[in-house]
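Student: Sending over a structure as structure tokens; questions will come in a sec.
The values are calculated or read from the model by the stated rules, or taken from the named source; none is laboratory data. Quantities reported herein were computed from a predicted structural model and do not represent experimental measurements. With ideal geometry, Cβ positions are generated from the backbone for all residues, glycine too; neighbour counts draw on all protein chains shown. When the accessible area is computed, the model is the full protein with side chains, heavy atoms only, and any ligands, DNA or RNA have been set aside. Shrake-Rupley method; radii C 1.70, N 1.55, O 1.52, S 1.80 Å.
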Amino acid sequence: MQARSHDAFLLKFNPNSKNKFHLGLALNANKETNFQEDYTVPQYKSFQYLWYHTDFNEFNLSVLALNNGMPYLVDTEEKVDYSQTIGTRLVYKKNKLNVDGAAYLQTGKIATNSVSAHYFSANVNYKINTNFNTGLGFEVLSGKDQNDTSTDVKSFNPLYGTNHKFNGYMDYFYVGNHANSIGLNDIYVNLGYEKNKFFAKVTPHYFASAASIYNAGEKQDNYLGTEVDVTCGYKMYDYVTVEGGYSQMFASSSMEIIKTGNKNAGNNWAFLSIKINPNLFSYKAEAKQ
């Protein structure tokens, strides 16, 4: 339930039921003005993206190309450098099996620094029976060794992703955590249960750095920790759902190095939410005879 939004021009073109094209353009400014001003918000100055989606029976394929412009100052003059995120996602669904995979590359420049980063993921989900489903997956976000003194950007950045959806509910690693960081390897399994109006899910995550960690000149273990996410909920009515969850992070000494804090202090998080999503009004015109 994230409130991310963008002011942008969006053009959608669906030539048929199996193909979709989206073109998005955005240009940000501090305010309306007749004079050129530096953009002072620490976000993109402009972006352009093209997204394509197509369906082939049990398969569907998406392709994305994003050109992301970040402002920076040279003395007192504002400049904008562009980085590109290019990649694809493939999904296969048949009967009780659901398999998906994705691969993205980032290139270009950020504040004159060259960008070279990558992302890979894969998931296999299977519905065991009416009540139980299970899955296995992994994600790899490239990182930068802590002893790397170059100015190159080697850490993949999810940019405008959704917190809580990826890499654990506790958000140790997702949006805002990857700039010039050590990257991430995330291996996870999940087991879900549904019956009538009740549902529950447990998902353990194994976290490790994708690049090397150093402390006082010595290389450290790449293992960062294990997070266990447990959620359950009950659909009270068609438009009202109560949901709660608990997460526990079992951190390593390497996690202490990159995040500080105390790995034995009890790293946990819980939530309780009530989702109300009513259909206030609907109308369907009757077909003329």
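Student: Quick check on segment 156-168. Is at least one of its residues more than 21 Å from G101 (Cβ to Cβ) and modelled with pLDDT of 90 or more?
Tutor: no
Student: Can you find a residue in segment 124-134 that is in a strand (DSSP E or B), among the charged types (D, E, K, R) and modelled with pLDDT of 95 or more? Give the steps one after another, and end with the answer.
Tutor: Taking segment 124-134 as the starting set, the residues that turn out to be in a strand (DSSP E or B) are 124-127, 132-134.
Among the residues that remain, those that are also among the charged types (D, E, K, R) are: 127.
Retained after the next criterion (residues that are modelled with pLDDT of 95 or more): 127.
Among the residues of segment 124-134, at least one is in a strand (DSSP E or B), among the charged types (D, E, K, R) and modelled with pLDDT of 95 or more, which makes the answer yes.
Student: Right, another one. Check A285 against each of (1) without any contact (Cβ under 8 Å) to a residue 12 or more places away in the chain; (2) in contact with a Gly (Cβ under 6 Å, 6 or more places away or on another chain) and name the one condition it does not meet.
Tutor: Going through (1) without any contact (Cβ under 8 Å) to a residue 12 or more places away in the chain; (2) in contact with a Gly (Cβ under 6 Å, 6 or more places away or on another chain) one by one, A285 breaks only (2).
Student: Okay, moving on. Within segment 190-229, can you find the residues that are open to solvent by 70 Å² or more (accessible area, probe 1.4 Å) and closer than 30 Å to T130 by Cβ?
Tutor: L191, E194, K195, N196, K197, F198, K201, Y206
Student: Find the residue count for segment 230-258, including only residues that are open to solvent by 30 Å² or more (accessible area, probe 1.4 Å) and touching a residue at least 60 places away in the same chain (Cβ under 8 Å).
Tutor: Summing the residues that are open to solvent by 30 Å² or more (accessible area, probe 1.4 Å) and touching a residue at least 60 places away in the same chain (Cβ under 8 Å) in segment 230-258 gives 1.
Student: Another question about this same structure. Output the qualifying pairs, or none if there are none: Cβ atoms under 8 angstrom, residues six or more apart or on different chains, first residue in segment 25-53 and farther than 21 Å from Q106 by Cα, second residue of a type in the set (V, I, T) and open to solvent by less than 70 Å² (accessible area, probe 1.4 Å).
Tutor: Short answer, once both residue conditions are applied: N28/V41; N30/V41.
Student: Another question, if that's okay. Which residue is nearest to V115 (Cα to Cα), if the candidates are limited to segment 138-168 and must be open to solvent by less than 20 Å² (accessible area, probe 1.4 Å) and among the polar types (S, T, N, Q)?
Tutor: Ranking the qualifying residues of segment 138-168, first place goes to S155.
Student: Still on this structure, please answer the following. Could you look through segment 32-72, keep only residues that are of a type in the set (V, I, T) and at pLDDT 95 or above, and pick out the one that is most open to solvent (accessible area, probe 1.4 Å)?
Tutor: So in segment 32-72, the residues of a type in the set (V, I, T) come out as 33, 40-41, 54, 63.
Still in the list and also at pLDDT 95 or above: 54, 63.
Working: T54: 7, V63: 59 Å².
Of everything passing the filter in segment 32-72, V63 is most open to solvent (accessible area, probe 1.4 Å).
Student: Quick one: K127 ticks every box in (1) among the basic types (K, R); (2) out of contact with any Asp or Glu (no Cβ under 9 Å at 6 or more places or on another chain); (3) surrounded by fewer than 16 Cβ atoms within 10 Å (Cβ to Cβ) except a single one, so which number is it?
Tutor: Looking at each condition in turn, K127 falls short on (3).
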